[in-house]
Amino acid sequence: MESVSTAAVKPDRWLDEVEPPAPPRAVEHDLNSFYYSSSDDVLAVLTPYNEWYDEVRPTGYFLLGQPMAAAPRPHVEVQEPIGKRRLQLLNLSSYNYLGLSYRQEVIDAAKNALDRYGLGAAGSPILSGTMEVHEELQNEIAHFKGTEAAVIYPSGYSTNVGLISGLMRAGDVVIMDQNAHASCVDGAILSKADTRFFRHNQPENLEKQLKKVAGKKVLVVVEGVYSMDGDVCPLPEILEVTKRYGARIMIDEAHSSFIYGPSGGGVVDAYGLKDEIDIHLGTFSKALGGMGGYVACSLQMKRYLDAFSRSRFFSCALSPVITAGVLEALRIVQREPELRARLWANVAHMRGLLAQHGVDVGESTSQIIPVMVRDDRRVMGIGRRMQESGLYVQPVKYPAVTKNRSRFRISISAAHDFAQLERASEILVSVLRQEGILK
């Protein structure tokens, strides 16, 4: 098998054409085209998808899952979608909002844990998988979030799934924002609760839903910052309606913990509402650059989740190596508030650059900036042009977002500098103009 070349090439060596060919019509399909099959064979769904994949992949327009050669720094080497060369690209795709995934202190903490604990926990957290470093991280998360206790999970996805399915039952009601993460939806489905949705960020529509389920046990589910649109939850208004109807509320702060608020406590910290929220969730993979998730909660809830949260106790505990790295990243967040200041300066700078050229960024006010294309048929081809021009941004289309709301989701990091953001803006604007998206 041919090995991947270690020699990186500049993007303009990828294609010889001045103007790339039009994307194949197959690129216009979305994953929903292959979700169902009329056949009575369970495996029949595989064939049409793989026929499509085999048609699209060799064209260079399949931009998902391109391997990266090293840490997700502002400049990365990414394997081209066709061939074996590595492209030198400016990275606006990775979360890593504070640049902590490759901080030397974090790496050293992980190395020390590897020497002490070995690679994995080798057990469920309720059996033999809990180690001292897990307890240490749970205690520090609880202290940081201002709660009695915290529970950690091996992934952000398993956190939402395990919390909602572990707490809610058939006959209960889950009402969530229509833009809530898929893990929240999946958790509600597994719980067998009556699952309803309210219009995105509209407290008045939430109230309409709450009126319909008066007298039932209700959990309202929102996010701090919504991952595809980058807009912030109007938490005071949502909370007021929720409390007025006697419901409980959980907030998923995957994209807002450790960067929002005076202490980095998240959107709840920014609004001064930390003590008003029933259940806090978040992940370690975004601002902290690690892996895993947490529920910050009461001691009673921690004990209950240990007994009833199946995604937690039927999984191996989070690797102690990752846990130690995350713990050090959390400590850096607390002792270096200037990281958050640098992030928000970068966000303001990039938003200003895009605004100068009239780039459509939807309703975003956060470090997640969706550069709207609104053309599902063309977004993959435009993504290829972005890479040819030296910029690594990921195209997002239906069903990840609603139809004709395709975009490039860019993520700003404290690790970027102004010159890098200015170059990224130049590429974005140039390609969008060439493609007729930006006038």
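We did not get these values from a lab; they are worked out from the coordinates using the rules stated. What you are looking at is a predicted structure, and each value in this text was computed from that prediction instead of being measured. When we count neighbours, we look across all protein chains shown, and the Cβ atoms used for this are built from the backbone with ideal geometry, even at glycine.
Please report, largest first and rounded to whole Å, the three semi-axes of the ellipsoid equivalent to the chain, where each semi-axis is the square root of five times an eigenvalue of the C-alpha gyration tensor.
After diagonalising the Cα gyration tensor, the semi-axes are 35, 26, 24 Å.
Could you state the angle between the C-alpha long axis of helix 203-212 and the longest principal axis of the C-alpha atoms of the chain, as a value from 0 to 90 degrees rounded to the nearest 10?
Long axis of 203-212 versus the principal axis of the chain: about 50 degrees.
In the stretch 316-363, which GluC sites (Glu not before Pro) fall in coil by DSSP and have 14 or fewer other Cβ atoms within 10 Å?
Answer by residue number: GLU363.
Quick one: helix 418-434 against the long Cα principal axis of the chain, what's the angle to the nearest 10°, folded into 0 to 90?
Helix 418-434 sits roughly 60 degrees off the main axis of the chain.
Relative contact order for the chain using alpha-carbon pairs under 8 Å, separation at least 6, rounded to a whole percent?
Reported relative contact order: 21 percent.
Greater than 22 Å separation of Cα atoms is the criterion. Which listed pairs, LYS274/LYS302; LYS192/LYS243; LYS192/LYS397; LYS145/LYS302; LYS208/LYS243, meet it?
LYS192/LYS243; LYS192/LYS397
For a quick protection proxy, order the peptides 414-421, 180-187 by their average other-Cβ count within 10 Å, most packed first. Mind dumping the intermediate values first?
Numbers: 414-421: 18.1, 180-187: 21.4.
Packing proxy ranking, top to bottom: 180-187, 414-421.
Compute the acute angle (0 to 90°) between the alpha-carbon long axis of helix 299-308 and the principal axis of greatest extent of the alpha-carbon atoms of the chain; round to the nearest 10°.
Between helix and principal axis, roughly 70 degrees.
Semi-axes of the stretch 104-335's equivalent ellipsoid from the Cα gyration tensor, sqrt of 5 times each eigenvalue, largest first, rounded to whole Å?
Equivalent-ellipsoid dimensions as semi-axes: 30, 20, 14 Å.
Quick check: convex hull of the Cα atoms in the stretch 218-264, volume per residue, rounded to a whole Å³? It would help to have the intermediate numbers written out before the result.
On the way: hull volume 3.8 nm³, N = 47.
Spread over its residues, the Cα hull of the stretch 218-264 gives 80 Å³ apiece.
For ILE437, list long-range residues whose amide hydrogen, built 1.01 Å from N in the peptide plane, is under 5 Å from its own amide hydrogen.
Residues meeting the amide H criterion: none.
At 0.36 nm per residue, minus the direct Cα-Cα distance, what do ALA182 and GLU435 gain on full extension? Give it in nm, one decimal, please.
Between ALA182 and GLU435, full extension yields an extra 87.9 nm.
Could you put ARG384, ARG423, ARG342 in order, starting from the residue whose Cβ has the fewest other Cβ atoms within 10 Å? Let's see the in-between values first.
Details: ARG384 22, ARG423 13, ARG342 18.
Lowest count first: ARG423, ARG342, ARG384.
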